[in-house]
1. By how many degrees, between 0 and 90 and to the nearest 10, does the Cα long axis of helix C:48-60 differ from the longest principal axis of chain C?
2. Using the heavy atoms of the protein chains alone and a 1.4 angstrom probe, what is the accessible area of the protein assembly as shown per residue in square angstrom?
3. Per DSSP H run of at least 4 residues, take -39500 (n - 2.57); add these up for chain C, divide by its residues and hand me the 222 nm value, nearest 500 deg cm²/dmol.
4. Let me understand region B:55-121 better: what is its radius of gyration from the alpha carbons, and its Dmax, in angstrom?
5. Using protein chains only (no ligands, no nucleic acids) and a 1.4 Å probe, work out which residues of region A:88-118 have their accessible area cut by at least 50 Å² relative to the chain alone.
6. Which percent of the accessible heavy-atom area of the protein assembly as shown goes to carbon and sulfur, probe 1.4 angstrom?
7. How far apart are the C:Pro47 label points across copies, placing each 7 Å from Cα toward Cβ, in nm, shortest first?
8. Quick one: label points 7 angstrom along Cα→Cβ at C:Glu63, distances to the other copies in nm, smallest first?
Amino acid sequence: MTSEILGQLPKLPKTGVINIFTKHTSSWTSQAAKPSGGLSINENCDPDVRIDMETIFNRLVPENQPNYEHTLEGSDDMPAHAKSTLSGVSITIPITNGHLNMGTWQGIYFCEFRNYGGARKLVVTIIGE
Amino acid sequence: MTSEILGQLPKLPKTGVINIFTKHTSSWTSQAAKPSGGLSINENCDPDVRIDMETIFNRLVPENQPNYEHTLEGSDDMPAHAKSTLSGVSITIPITNGHLNMGTWQGIYFCEFRNYGGARKLVVTIIGE
Amino acid sequence: MTSEILGQLPKLPKTGVINIFTKHTSSWTSQAAKPSGGLSINENCDPDVRIDMETIFNRLVPENQPNYEHTLEGSDDMPAHAKSTLSGVSITIPITNGHLNMGTWQGIYFCEFRNYGGARKLVVTIIGE
């Protein structure tokens, strides 16, 4: 979703950083209310990377484990919280000469860890001069 | 520990970010000297989430594995270092309109990964204007 | 690599943060082109910690799994992408009184997750006043 974000940014400062943070809607009844997404930087070239990332995260934190306590919101809820901590909920990217200074093959991933996540809200903060 | 931190902050800038970083005391003899805690953002509503997070982290990086080399400081020491890298030792949260711009159900977790961790020191840096 | 980075920094501001971000060369033919390294803060005292971190990461995301799709660039490529997301590709460290405010035993790790990673490029951004 690198281009989706880049397309909505104002003119960037010459030097600084951009912080992107996953927020969640405040509706208690909405699945999207809970911290269960993550942000990461990874290869943006081969779409197979996304499939394998999901395979690997599902193996690291499987659903339906008998010792989970927090199961009221569905079998994918607690695993989503743990995956969110593993990937992190914010990323900070340097700005150099007015552009995001990422590698050519780096892209911004939003990792949806719920099976039906709904809309997600991001906060983007630009710091620099 | 969101409210513990919020209660000690000065007036925040209108826009910016806050960075929270886990530091450690410098006493070599203290368990708290080593990087073995983490910071994360996760659901702050159901306390069961904390129990399950511990279960999941303990399964990901179990104690007493035969191939660990760094065991002098106890069986929980090397797993704590690894968990600390998995969760991260700092978090950055956006400030919008003078308030931390987190979701309603997001809270700040300090993850103590040692069995007897002692006091931990955090550095909070506020950036913005 | 804490001292390598510290040795190349200009005079730091009194208060602020430093962000370190792993970038990658743009050559498509180079292994170093892909996001497959990570940055972390961990114990800088006992070198055994580094050995165990590698053991643990290799157990968490093993090579040569039958269900990986992204295998064209070698068996260590997809695991490297996943490890990179688990550790993160940037770190933010507070600056207090003109110095990096880390704990005595905390050091900056560059985690090379490819078997033959080549040169890596870091972007260091200093923010503060």
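1. 40
2. Normalised by residue count, the accessible surface of the protein assembly as shown is 44 Å².
3. Numbers: 3 runs with 29 residues, N = 129.
Only helices count here, giving -6500 deg cm²/dmol.
4. 15.7, 52
5. Residues losing area: A:Thr92, A:Pro94, A:Asn101, A:Trp105, A:Gln106.
6. Here it works out to 52 percent.
7. 4.7, 4.7
8. In ascending order, 3.3, 3.3 nm.
The values are calculated or read from the model by the stated rules, or taken from the named source; none is laboratory data. Just so you know, these numbers come straight off a predicted model, no measurement behind them. Cβ atoms come from the backbone with ideal geometry, glycine included; neighbour counts cover every protein chain shown. In case anyone asks, the SASA skips ligands and DNA or RNA and just uses the protein heavy atoms, side chains included. Shrake-Rupley method; radii C 1.70, N 1.55, O 1.52, S 1.80 Å.
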